[in-house]
Amino acid sequence: MERRGFVEAIIQEIRRVAQEEAQKILKGAEEEARKTLEEAKEKASRLIEERRQKLLEEVRKKVLSELAPRKLELRRKALLGRYTLVASEIDKLVSEVISEAKGDLQKYREYLMEALKAAVSSVTASSLVVHPCKGERELVEKVVSEFKESVGGSPELAVGEEISCSGGVIVRSADGRVYFNATLDAKAAEIKERLLPLVFEKVVRRAR
Amino acid sequence: MGEKRVSRSLIGEELDVKVILEERRKADLLISEARRKAEEILEDARRRAREILEQAEKEASMLPEELVEEERRKLYEELSLVERAYDEELQNLKTALAQIREEVKKLAYKELYRW
């Protein structure tokens, strides 16, 4: 009886150890399988993400190259729009100023005097001819005579024939080789040219 | 009588050894069966991993149309933003011009008499 009990105990032990070993083997395999699948899934999503990013980058480049001319056109239009806006505002203001100056006799005479001073200091000649615009001969003669009184006899100044312009004068050397354009049209163009960069800088700074 | 007892005891021990050896054989069988199953599990996992990667290769080789469209939409939207920014800039410029109108007019007068 005692021996049979001992044998039975050995059998039970052999079974228990074998079952434990089998369980261990299966559990290990399941764990390894789970890891393998997990790694594969991670690798797969990395692969998909990397490739998609690469493909997306290609799409992006393609679309950007499609859009580049439109972007450039927008920029060109924007710059032109800015320039046109500022230039037309300056045009308006300068026309307003010229028209006000022309409409006010005192201001206009002052303009003509300043123009004569500038012409005399710019054109190096002993004799100058002042050409008034049509319909302004009388006024210009008065201003020239006033000017002569203020500066003396040199250089010699004469009023020449009327020319077609909308205000101001053209002063030329008697030999016609050098001339000084002080018409209001020329002055307006000069003012616009001077004001444009100045105003641009001011408004762009303000608009920011 | 004594001889009989001895022989019975020897036969009994021989039987016990056989029973234990049989149990040992069954245990080995159980373990090798477990190993076979474990190998099957691992092989199955490797096969599924290969399938997952093959599928990923297929999926990664082409970009879903909606992603392409989304990217295109985003870039076009950026262009509209640039356009709007330019429009806004022009409006700001108009406002700024209106604010400095008198100042510019004074400058124009100054320039009129400056040679």
### Task
Any chance you could count how many residues in region B:47-81 are open to solvent by less than 90 Å² (accessible area, probe 1.4 Å) and either assigned to a loop (DSSP other than H, G, I, E, B) or touching a helix residue (DSSP H, G or I) at 6+ places or on another chain (Cβ under 6 Å) (or both)?
13
### Query
Taking the condition at pLDDT 95 or above and open to solvent by 80 Å² or more (accessible area, probe 1.4 Å), does A:Glu149 pass?
no
### Task
Mind listing whichever residues of region A:78-89 are surrounded by 13 or more Cβ atoms within 10 Å (Cβ to Cβ) and over 24 Å from B:Tyr109 (Cα atoms)?
A:Ala78, A:Gly81
## Note on the structure
How many residues of region A:112-143 are in contact with a helix residue (DSSP H, G or I) (Cβ under 6 Å, 6 or more places away or on another chain), in contact (Cβ under 8 Å) with a residue 40 or more places away in the chain and not β-branched (Val, Ile, Thr)? The answer is 2
### Query
Which of the residues spanning region A:90-127 are open to solvent by less than 60 Å² (accessible area, probe 1.4 Å), among the small types (Gly, Ala, Ser) and within 11 Å of chain B (Cβ to nearest Cβ)?
A:Ala101, A:Ala115, A:Ala118, A:Ala119
#### Entry: Test result for A:Ala188, within 14 Å of chain B (Cβ to nearest Cβ), out of contact with any Ser or Thr (no Cβ under 8 Å at 6 or more places or on another chain) and within 22 Å of A:Asp91 (Cα to Cα)
no
### Message
For the condition polar (S, T, N, Q) and open to solvent by 70 Å² or more (accessible area, probe 1.4 Å), what is the one hit in A:Ser65, A:Ser45?
### Response
A:Ser65
### Filter pass, B:Arg72 being out of contact with any Asp or Glu (no Cβ under 7 Å at 6 or more places or on another chain) and under 30 Å from A:Glu66 (Cα atoms)
yes
### Summary
Selection over region B:96-110 where residues are surrounded by 15 or more Cβ atoms within 10 Å (Cβ to Cβ) and farther than 12 Å from A:Val199 by Cβ yields a count of 1
### Summary
Scanning region B:5-43 for residues that are at pLDDT 85 or above and β-branched (Val, Ile, Thr), the one farthest from the chain's Cα centre (by Cα) turns out to be B:Val17
### Message
Among the residues that make up region B:84-93, is at least one of them open to solvent by less than 100 Å² (accessible area, probe 1.4 Å), outside any helix (DSSP H, G or I) and at the interface with chain A (Cβ under 9 Å from one of its Cβ atoms)?
### Response
no
### Task
Go over the candidates A:Arg46, A:Arg52 one by one and state the one that is facing chain B (nearest Cβ under 7 Å) and either of a type outside the set (S, T, N, Q) or farther than 26 Å from B:Lys37 by Cβ (or both).
A:Arg52
### Message
Return the residues of region A:179-205 that are over 26 Å from the mean Cα position of the chain (by Cα) and open to solvent by 70 Å² or more (accessible area, probe 1.4 Å); say none if nothing qualifies.
### Response
A:Tyr179, A:Asp185
#### Entry: Residues being facing another protein chain (nearest Cβ under 7 Å) and hydroxyl-bearing (Ser, Thr, Tyr) - total across region B:94-115
2
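The values are calculated or read from the model by the stated rules, or taken from the named source; none is laboratory data. This structure is a prediction, so every number in the text was calculated from the model and none was measured. FYI the Cβ positions are ideal-geometry reconstructions off the backbone, even for glycines, and counts take in every protein chain you see. Protein only, heavy atoms only, side chains kept; ligands, DNA and RNA dropped before computing areas. Shrake-Rupley method; radii C 1.70, N 1.55, O 1.52, S 1.80 Å.
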